[in-house]
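The values are calculated or read from the model by the stated rules, or taken from the named source; none is laboratory data. The model shown is predicted, which means the values in this text are computed figures rather than measured ones. Note: ideal-geometry Cβ built from the backbone for every residue, glycine included; neighbour counts use all protein chains shown. In case anyone asks, the SASA skips ligands and DNA or RNA and just uses the protein heavy atoms, side chains included. Shrake-Rupley method; radii C 1.70, N 1.55, O 1.52, S 1.80 Å.
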Amino acid sequence: MSRVPRVLVVEDEQDIAALIKHALERSGDAQVDVVSSGDTALRAVRDTAPDLVILDINLPVISGTEVCRIMRGNAETAQTPIIMLTARTSESDRVAGLDLGADDYVTKPFSLRELSARVRAVLRRRKSTHEIPTALFQGRHLRADFDAVAISIDNEPIRLTRREFELLKFLIENRNRVLSRDRLLERVWGYDRNVETRSVDVHVGRLRAKLGPAGPQIETIIGLGYRFVE
Ligand code: CA
């Protein structure tokens with residue numbers, strides 16, 4: 001990305017919006033537009049095609065979760081990265097946001113440094129997913145060639161079940177992102193509603209054990225789900 005990325009901040013609390021704009025523009029990370037309601041956000045997204053949307057949950061007219069849902073359902077905005085701003089006390093908001101396909105969330109009150117770091121990470125990830133094929137992952141211990149269905153730890157091949165393989169693939173494709181149990185269930189198990197969310201925990205446990213020294217790269221995010229960290 002040679003040009004400065006464009007970030008759309010959707011927040012009706014003007015002080016917070018102004019602080020975010022100031023912080024991101026001062027550091028040179030982004031050029032920031034601000035809107036203060038869900039409906040103007042949807043218009044702005046359509047008109048200006050931002051590189052990233054920072055989206056508050058509590059908004060007038062249309063809520064942040066609804067904006068996220070509409071954006072993900074529209075082909076033009078389905079891939080636009082979204083960072084949700086959520087209340088610290090509302091776990092259900094965070095889960096809803098991630099389930100709807102938000103890339104990350106920051107809980108209020110947040111530090112501007114933390115938010116700036118998340119913004120940089122999401123923009124970097126967006127750039128890298130455009131450039132690097134995801135079929136091959138090479139970490140310190142783990143090498144995963146998903147096309148060849150060949151997984152090895154410290155150059156020793158390991159055997160995974162089909163489910164474990166799909167689970168690892170989805171986690172790595174979405175690395176550094178928190179994935180809820182429901183999302184993992186839906187993607188790895190399909191829509192079989194007889195499967196309980198607890199079986200996700202069981203499979204993650206087995207997968208971690210098989211990954212040995214790379215196992216801790218699958219982090220448990222208490223109350224939310226799992227994240228594969230690089
Ligand atoms: Ca708000």
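Just a few scattered comments:
- Computed FRET value (nearest 0.05) for Glu196 with Ala49, which takes r as the C-beta separation and R₀ as 45 Å: 0.65
- Amide N proximity, region 206-230 versus Arg124 label position 7 Å along Cα-to-Cβ, cut-off under 17 Å: 228-230
- Fraction of accessible area attributable to carbon and sulfur, the chain (%, probe 1.4 Å): 47
- Among residues other than Gly64 with Cβ under 11 Å from its Cβ, the summed charge is -4 (Lys and Arg +1, Asp and Glu -1).
- Choice from Thr77, Thr161, Thr40 showing the highest fluctuation, given a GNM over the chain with Cα pairs closer than 10 Å: Thr161
- Cα long-axis angle, helix 14-26 against the chain (0 to 90 degrees, to the nearest 10): 70
- Listed residue (Val9, Thr220, Cys68) projecting farthest to the positive dipole end of the chain, Cβ model: Thr220
- A Gaussian network model of the chain, with springs between Cα atoms under 10 Å, assigns the largest mean-square fluctuation among Ala148, Ala117, Ala41 to Ala148.
- When you filter the trypsin sites (Lys or Arg not before Pro) in region 147-230 for DSSP loop state and at most 14 other Cβ atoms inside 10 Å of their Cβ, you are left with Arg159, Arg193.
- Our Cα-only numbers for the chain put the radius of gyration and Dmax at 18.6, 56 Å.
- Magnitude of the charge dipole for region 133-228, about its Cα centre and with charges confined to Cβ atoms of Lys, Arg (+1) and Asp, Glu (-1), is about 140 debye.
- Here the Karplus curve 6.51 cos²θ - 1.76 cosθ + 1.60, taken at θ = phi - 60°, turns the phi angles of region 139-150 into couplings of x, 5, 10, 8, 10, 10, 9, 6, 5, 8, 6, 10 Hz, with x standing for Gly and Pro.
- Residues considered: Glu196, Glu164, Glu219. Largest GNM mean-square fluctuation over the chain, using C-alpha springs under 10 Å, is found at Glu196.
- With R₀ fixed at 45 Å, the C-beta to C-beta distance from Glu13 to His141 puts the FRET efficiency at about 0.50.
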